[in-house]
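To keep things clear, I will list the structure first and then write my remarks on it.
What follows is calculated from the coordinates using simple rules that are stated; it is not laboratory data. On a predicted model such as this, the values are computed, not experimentally measured, just so you know. For neighbour counting, all protein chains shown are included, and Cβ atoms are generated from backbone atoms with ideal geometry for every residue, glycine included.
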Amino acid sequence: METLSRPSSLASRIADALRADIAAGRFTAGARLPAETGLATAFGVSRPIVREAIAQLKADGVLVTRKGSGAYVSETPGGMVWRLPGGPTLAQLFELRMTVETACAGMAARRRTAADLREIEAALHAMHDHAGDFAGAAAADVAFHHAIAQAAHNPCFTGLTDFVGQHLLAARQAAWENAARFRGGSHEADAEHAAVVAAIAKGDAEGARQAACRHLEGAARRMGLTLD
């Protein structure tokens, strides 16, 4: 968590930061958030600001509150708006990813700020740092795609990306394990991620879309899926 110092929209910015932590798997479904006092200290703001951020996330279905106990991540942390009856299949989620994440990559190449690029690169480095730590690598993978969605500067795409990320967290961990044990390491995924970052850094929207598409095709293959 980073300390937030600018006064404008502090509650919304804290809500976004907590949403990113949840999307990255730092707080999983059902997990209790730190107390308001702890969050206020971590972000360098007052408790009423934290309370307002929690209220926003509660309204979005990301958090639930329990009287006398605190705030907890809901069972559908992507938000109630994205709940699907019966739960989507892996193939259905990948079809959604192919549409949403390629568009996000292209928009991120056009709209990203220097701060956005730092967040994307930090998540890329985190995946490298967690080589062999499959749970950590999977969480960093989710954070990577969340950072790209954030760089597109369209909250609708961020919400969809976070929804998919929560549903695929366990599958991503299995994919990292398979890559390490049976496919000669994670070099293929590393190269795909790096290609996406390079295109976004250059502002090459079409190149970013193509690199994201190649990555998603490779990711589906590593999960044993065949995309039409």
Using the Karplus curve 6.51 cos²θ - 1.76 cosθ + 1.60 with θ = phi - 60°, work out ³J(HN,Hα) for each residue of segment 146-154 in order, rounded to whole Hz, and write x for Gly and Pro.
5, 5, 5, 4, 4, 5, 6, 6, 9
If the chain between residue 113 and residue 66 were fully stretched, how many nm would it gain, using 0.36 nm times the residue separation less the Cα-Cα distance?
13.1 nm
Step through the residues of segment 23-37 one at a time and calculate ³J(HN,Hα) from phi using the Karplus curve (6.51 cos²θ - 1.76 cosθ + 1.60, θ = phi - 60°), rounding each to whole Hz and writing x for Gly and Pro.
4, 7, x, 5, 10, 8, 3, x, 6, 8, 6, x, 4, 3, 4
Based on the Cβ-Cβ distance from residue 46 to residue 125, what FRET efficiency comes out when R0 is 30 Å, to the nearest 0.05?
0.35
